[in-house]
Amino acid sequence: MGDTKVKKTYAEINAKIKAGEVVVVTAEEMVEIVQKHGPVEAARKVDVVTTGTFAPMCSSGAFINFGHTRPGIKASRVWLNNVPAYAGLAAVDCYIGATECGEDDPLNRVFPGEFNYGGGHVIQDLVAGKSVHLKATAYGTQCYPSNQAEKMVTLQDIPWAVLCNPRNGYQNYNCAVNFGKKMIYTYMGALKPNAGNANYCSAGQLSPLMNDPLYRTIGLGTRIFLGGGIGYVVWQGSQHNPSVERTEGGVPMRPAGTLMVLGDLKQMTPRWLVGVSIQGYGTSLSVGLGVPVPILDEQMAAYTGVSDQEIVTQIIDYGEDYPKGKARSLGQVTYAELRSGEITLAGSGIPEKFRGQKIHTVPLSSMVRAREIAETLKQWIRHKRFVLGEPQTTLPSV
């Protein structure tokens with residue numbers, strides 16, 4: 001990246017953390033610091049910037065080892081509170097996905113007005129200390145003769161449980177509208193006909209990957225806040241796509257990078273892992289996630305100084321285009337506009353009859369919780385409870 005006026009290393013920043021001398025601020029605080037002092041001086045003043053996001057993240061789930069039974073079983077099918085878990089792993093290992101619905105809550109009941117219970121709720125119940133009904137069936141082998149096992153379990157009873165989410169922390173996401181004539185129910189929430197509302201899902205200037213847009217400091221081994229405990233980035237997430245149009249500051253203007261993350265489920269809490277029933281769509285899991293960004297130089301200071309006024313996303317029609325596999329942009333808006341509560345539909349792609357129309361915006365991502373995560377991570381670092389994990393390899397970039 002060429003010569004820089006400020007250079008720091010992970011080792012130097014971690015030494016400051018251990019000595020109680022680190023300067024750590026949240027991403028929102030960093031916006032003001034960069035605006036007031038510029039990136040070079042901000043890089044001299046600040047060592048770490050903390051980020052946060054809390055929103056439904058469908059590509060989430062948990063690997064669970066539920067312990068050997070007597071006689072032993074090689075489970076081929078597993079249910080937790082009647083929610084199917086995938087058992088094609090080993091004798092008593094399974095994976096429960098956040099979007100799997102209970103078998104007494106089948107997909108044909110996923111319609112407006114129904115509450116759906118699924119994998120995300122099972123995970124929340126486990127971290128809340130509740131008892132969960134486990135049932136396993138098998139074809140039986142000579143070394144694992146049992147055909148069925150059934151018991152109540154708690155997270156404390158389970159020998160091993162790991163939250164493992166293939167795609168979290170999306171770097172930017174669509175602004176969803178519905179230009180059709182009927183109400184539709186999507187993973188972006190209920191969308192009223194005739195552009196009756198606009199839904200979005202990002203913490204904007206607080207969002208982790210918005211503060212390191214080219215993934216200079218995030219990769220395999222990055223230590224993070226995950227579900228209320230400490231977790232790690234273990235790979236790029238599924239659908240990671242850095243090759244999208246970006247602003248001059250490197251911020252993507254449409255969905256781009258994603259994170260695959262992992263952490264000990266037994267460290268986590270139900271405040272930061274919340275099962276979700278999305279009206280007319282199904283189930284998911286709201287995940288609390290925060291990433292500390294080390295300020296290695298002035299470029300990282302500039303990245304973390306990005307504001308909602310500088311971050312744009314695309315308006316996508318979920319009534320017609322999205323179901324057909326299209327995600328063409330009909331216009332764009334900033335997160336400052338989205339967070340104001342109302343946007344004006346503008347752009348040549350907006351159908352003429354809706355152009356100039358003002359519509360209410362609805363966030364699926366909680367800014368209140370995102371701020372709390374960033375502040376919690378800040379206090380962990382300030383009080384020597386959390387040091388930075390230097391990535392062994394960073395995420396694929398442009």
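The values are calculated or read from the model by the stated rules, or taken from the named source; none is laboratory data. Computed from a prediction, not measured in an experiment: that's the story for all the values here. FYI the Cβ positions are ideal-geometry reconstructions off the backbone, even for glycines, and counts take in every protein chain you see.
Odds and ends about this structure:
- Residue that is nearest to residue 291 (Cα to Cα) [pool: residues in the stretch 188-205 that are part of a loop (DSSP other than H, G, I, E, B) and in contact with a strand residue (DSSP E or B) (Cβ under 6 Å, 6 or more places away or on another chain)]: 203
- Scanning the stretch 340-371 for residues that are under 20 Å from the mean Cα position of the chain (by Cα) and surrounded by fewer than 17 Cβ atoms within 10 Å (Cβ to Cβ) yields one hit, 368.
- Residue count, the stretch 358-393 (criterion: assigned to a loop (DSSP other than H, G, I, E, B) and within 30 Å of residue 277 (Cβ to Cβ)): 3
- Candidates 85, 128, 62, 98 - the one that is surrounded by fewer than 23 Cβ atoms within 10 Å (Cβ to Cβ) and either among the small types (Gly, Ala, Ser) or in contact with a Leu (Cβ under 6 Å, 6 or more places away or on another chain) (or both): 128
- Of all residues in the stretch 67-82 being farther than 26 Å from residue 282 by Cα and either basic (Lys, Arg) or touching a residue at least 40 places away in the same chain (Cβ under 8 Å) (or both), the one that is surrounded by the fewest Cβ atoms within 10 Å (Cβ to Cβ): 70
- Matching residues in the stretch 337-362 - criterion: being in contact (Cβ under 8 Å) with a residue 60 or more places away in the chain and closer than 21 Å to residue 201 by Cβ: 338, 339, 343, 345, 359, 360, 361, 362
- Scan of the stretch 134-170 for residues that are over 30 Å from residue 255 (Cβ atoms), among the small types (Gly, Ala, Ser) and part of a loop (DSSP other than H, G, I, E, B), ordered by number: 138, 140, 146
- If you check 196, 189, 180, 129 for being within 23 Å of residue 344 (Cα to Cα) and either outside the structural domain of residue 300 (by TED's automatic domain parsing) or within 24 Å of the chain's Cα centre (by Cα) (or both), only one passes: 189.
- Taking the criterion of being touching a Leu at 6+ places or on another chain (Cβ under 7 Å) and part of a strand (DSSP E or B), the residues of the stretch 263-273 that qualify are 263, 273.
- Among the residues of the stretch 283-309, those that are in contact (Cβ under 8 Å) with a residue 40 or more places away in the chain, in contact with a helix residue (DSSP H, G or I) (Cβ under 8 Å, 6 or more places away or on another chain) and part of a helix (DSSP H, G or I) comprise 298, 299, 300, 301, 302, 304, 308.
- Pairing each residue of the stretch 310-329 that is free of Cβ contacts under 8 Å to residues at least 40 places away in the same chain with any residue that is outside any loop (DSSP other than H, G, I, E, B), provided the two are 6+ apart or on different chains, yields no C-beta distance under 6 Å.
- Residue selection: residue 328 satisfies the criterion of being basic (Lys, Arg) and part of a loop (DSSP other than H, G, I, E, B).
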